[in-house]
Every structure is written in C-alpha cells, then in structure tokens.
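K.L.:
I'd like to ask some things about the structure below.
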Amino acid sequence: MPALPVLSGRETMHVFAQFGWVSVRQRGSHIIMVKEGHIATLSIPDHKEVAKGTLHRLIRAAGLTVFEFINGYNKCK
C-alpha cells in the first residue's frame, strides 16, 4: 500500500472534491462533506495535519482506495 501524504484539512477537502464530494457546512473545526447517492457524510477536521488513521477512515467512508486518493491528490497539486 502506498504511503499517505501528510495533509491539512483543507487539502483533504480539495482532494475529496475531485471525487464529487461537496462541502455543505462547517461546524466548529470540522468540515462536513456530502455526495449525491451516498449515505455517508465526511467530517473532515480543519487542522494543520489530519491524523493518518482519520485519513484512512475518511477514504474508506468515501468508498475510495488509498491508491485512488493519492492519485487524486497528485492531480490536485
């Protein structure tokens, strides 16, 4: 499995936006994203660094693989 990059909450949000996720609101330090046709919502912490375990959980909840997420990140750079 490829290693995940260290990302901020805003960078993470931009990568998920490439896969159709839309930011609908921000409550405190968390950005809430939804996608049409998905039951799950993503709650992304708006921190300088998102913990690796949290990032893995978000990727899994979004229905992506780590490889797909990293490819999306590379396109976003």
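The values are calculated or read from the model by the stated rules, or taken from the named source; none is laboratory data. Not measured: the values here are computed from a predicted model. Every residue, glycine among them, receives a Cβ derived from its backbone with ideal geometry; neighbour counts consider all protein chains shown.
K.L.:
Which one is nearest to the chain's Cα centre (by Cα) among residues in the range 26-48 that are surrounded by 14 or more Cβ atoms within 10 Å (Cβ to Cβ) and within 17 Å of residue 6 (Cβ to Cβ)?
P.N.:
44
K.L.:
Within the range 59-69, track down each residue that is out of contact with any helix residue (DSSP H, G or I) (no Cβ under 7 Å at 6 or more places or on another chain) and either surrounded by fewer than 11 Cβ atoms within 10 Å (Cβ to Cβ) or in a helix (DSSP H, G or I) (or both).
P.N.:
Hits for the range 59-69 are 60, 61, 67, 68.
Results for (1) of a type in the set (Gly, Ala, Ser); (2) at pLDDT below 95; (3) in a loop (DSSP other than H, G, I, E, B); (4) over 14 Å from residue 70 (Cβ atoms), shown as yes or no for each residue.
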| residue | (1), (2), (3), (4) |
| --- | --- |
| 3 | yes, yes, yes, no |
| 6 | no, yes, yes, no |
| 20 | yes, no, yes, yes |
| 26 | no, yes, no, yes |
| 32 | no, no, no, yes |
| 39 | no, yes, yes, yes |
| 44 | no, no, no, yes |
| 47 | no, yes, yes, yes |
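K.L.:
Of (1) in contact (Cβ under 8 Å) with a residue 12 or more places away in the chain; (2) surrounded by 15 or more Cβ atoms within 10 Å (Cβ to Cβ), residue 23 satisfies all except one. Which?
P.N.:
(1)
K.L.:
When you scan the range 66-73, do you find a residue that is in contact with a Ser or Thr (Cβ under 6 Å, 6 or more places away or on another chain) and not small (Gly, Ala, Ser), even just one?
P.N.:
No: the range 66-73 contains no residue that is in contact with a Ser or Thr (Cβ under 6 Å, 6 or more places away or on another chain) and not small (Gly, Ala, Ser).
K.L.:
So in the range 52-76, with the set limited to residues that are over 14 Å from residue 3 (Cβ atoms) and among the basic types (Lys, Arg), which one is modelled with the lowest pLDDT?
P.N.:
Among those residues, the one meeting the criterion is 75.
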